[in-house]
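*Asks:* This is the structure I have questions about; it appears just below.
The values are calculated or read from the model by the stated rules, or taken from the named source; none is laboratory data. None of these values were measured; they are calculated from a predicted model. Because the Cβ atoms are built from the backbone with ideal geometry, glycine has one as well, and the counts that use them run over all protein chains shown. For the accessible areas, the whole protein counts, side chains as well, though only heavy atoms, and no ligand, DNA or RNA atoms are used. Shrake-Rupley method; radii C 1.70, N 1.55, O 1.52, S 1.80 Å.
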Amino acid sequence: MNLREARLLLAERGLITPAQDFTSKGRFADGAQYKVEIPSCEGPAVMRTVLDEAAARGVTVHRVSQGSGVMMLTDGEIDEMLALGADHDVEVCLFLGPRGAWDTGGQAKVSAAVGGVARGNEMVAASLCDAYRAVELGVRSLLVGDIGVLELLGLLKKEGELPADLVLKTSVLMPLPNAPTAALYERLGATSLNVSTDLPINVLAEIRAVTTVPIDMYIEVPDDQGGHVRFYDVPDVVRVAAPVYLKMGLRNAPNIYPVGAHLAATAEALGRERVRRAELILRLLAEQDEE
């Protein structure tokens, strides 16, 4: 098979590469093309800092996500984050705790690509325990780093064991580099897709052409995921990927997972700077709207 024939095979399966002028017609339920997500919001103290900084800068934050995992938060801390979310109309998304990068295995120590996996059924069971505990406390958004766990959670939603409105957001630790993979994750139950950090605009368009759920994408990427700073790509990202969460990581920032009191000041400072980065992105989008 040559490349032309391979392209025809993809086209026959609905995987057609969109033209350069592709514009997504997708929107969030409220009609918005994009929303702002602040990641690494590791507990109530960081979340309060993020919300205070957002209010001071006039930045609307729609979602915060946490990376240390449900198992690293007390019930009281989860309750406090949910209360802050309810008061400020912010979605609170918590990571399922067990993962390859913290386990006893060696592969995740040398390859970040398997950092989010659940090694063996015991870790899958632990992930389900995290999910059920979070849901029972009122959490309605979970961050999933393992494809098998994603499928199980999707099935449990279909069976009515988990709430129908539960958001299942894929982690950047689950590689999502192309349209067929994006479509697969959505079929398995993903309701928010964190795409790989290095995708060009045409690949984002290809993914949007075969998916309906929101995309979330790092605009500034942590160093351990590539370190890209893509501010000037944002107008095109919004154009082709809507509905899309614009997610602000930071270059030159330490990995703080799992966080704790020993890293509290660092986590809060990083949260403030992520909000400042979001303000810069929103300025670019406003500037485009004025043209």
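*Asks:* Using mean Cβ contacts within 10 Å as the protection proxy, how do 170-178, 249-257 order, highest first?
*Replies:* Packing order, densest peptide first, comes out as 170-178, 249-257.
*Asks:* Quote the relative contact order of the chain in percent (integer), defining contacts as alpha-carbon pairs under 8 Å separated by 6+ residues.
*Replies:* Value for the chain: 22 percent.
*Asks:* Specify whether the C-alpha gyration tensor of segment 134-291 places it in the rounded, prolate or oblate class, a ≥ b ≥ c being the square roots of the eigenvalues: rounded for a/c under 1.5, otherwise prolate if a/b is larger than b/c and oblate if not.
*Replies:* Verdict is oblate for segment 134-291.
*Asks:* Placing +1 on the Cβ of each Lys and Arg and -1 on the Cβ of each Asp and Glu in segment 124-182, which of G148, L166, A131 has its Cα farthest towards the positive end of the resulting dipole?
*Replies:* In segment 124-182, that residue is L166.
*Asks:* Right, next: Normalise the Debye intensity by I(0) for the chain, one equal point scatterer per Cα, no solvent, then take log10 at q = 0.08, 0.13, 0.15, 0.16 Å⁻¹ and round to two decimals.
*Replies:* With no solvent term, the Cα-only Debye profile gives -0.33, -0.89, -1.20, -1.37.
*Asks:* While we're looking at this one, here's another question. Could the peptides 234-245, 200-211 be put in order, highest first, of the mean number of other beta-carbon atoms found within 10 Å of their residues? Please report the intermediate quantities before stating the final value.
*Replies:* On the way: 234-245: 22.1, 200-211: 19.8.
Highest mean packing first, the order is 234-245, 200-211.
*Asks:* Let me know the shape class of segment 112-165, please: from the alpha-carbon gyration tensor, a ≥ b ≥ c as square roots of the eigenvalues, rounded when a/c is under 1.5, otherwise prolate if a/b is greater than b/c, or oblate.
*Replies:* It is prolate, given that a/c is not under 1.5 and a/b is the larger ratio.
*Asks:* Still on this structure: Given a cut-off of under 8 Å on Cα pairs at least six residues apart, what relative contact order in percent is computed for segment 200-291?
*Replies:* Details: 95 pairs, mean separation 27.3, N = 92.
The value is 30 percent.
*Asks:* Which shape class applies to segment 88-205: rounded if a/c is under 1.5, otherwise prolate when a/b exceeds b/c and oblate if not, where a ≥ b ≥ c are the square roots of the Cα gyration tensor eigenvalues? Numbers along the way, then the final one.
*Replies:* Values: a/c = 1.66, a/b = 1.10, b/c = 1.50.
It is oblate, given that a/c is not under 1.5 and a/b is not larger than b/c.
*Asks:* Taking a 1.4 Å probe, which of T212, T49, T191, T23 shows the most accessible area, and what order do the others take after it?
*Replies:* Reading off the accessible areas and sorting them downward yields T212, T23, T191, T49.
*Asks:* If you roll a 1.4 angstrom probe over the protein chains with everything in place, what fraction of the accessible area of segment 28-159 belongs to carbon and sulfur, to the nearest %?
*Replies:* Carbon and sulfur together cover 53 percent of it.
*Asks:* Report, to the nearest whole %, how much of the accessible area of segment 200-269 belongs to carbon and sulfur atoms, 1.4 Å probe, protein only.
*Replies:* Answer for segment 200-269 is 54 percent, counting heavy atoms of protein chains only.
*Asks:* Let me ask another. Taking the solvent-accessible surface of protein heavy atoms with a 1.4 Å probe, what is the per residue accessible area of the chain in Å²?
*Replies:* Values: 13270 Å² over 291 residues.
Here the per-residue accessible area is 46 Å².
*Asks:* Follow-up. Compute the distance in nm between two label points, each set 7 Å from the Cα along the Cα-to-Cβ direction, one at E159 and one at T23.
*Replies:* Result: 4.5 nm between the two label points.
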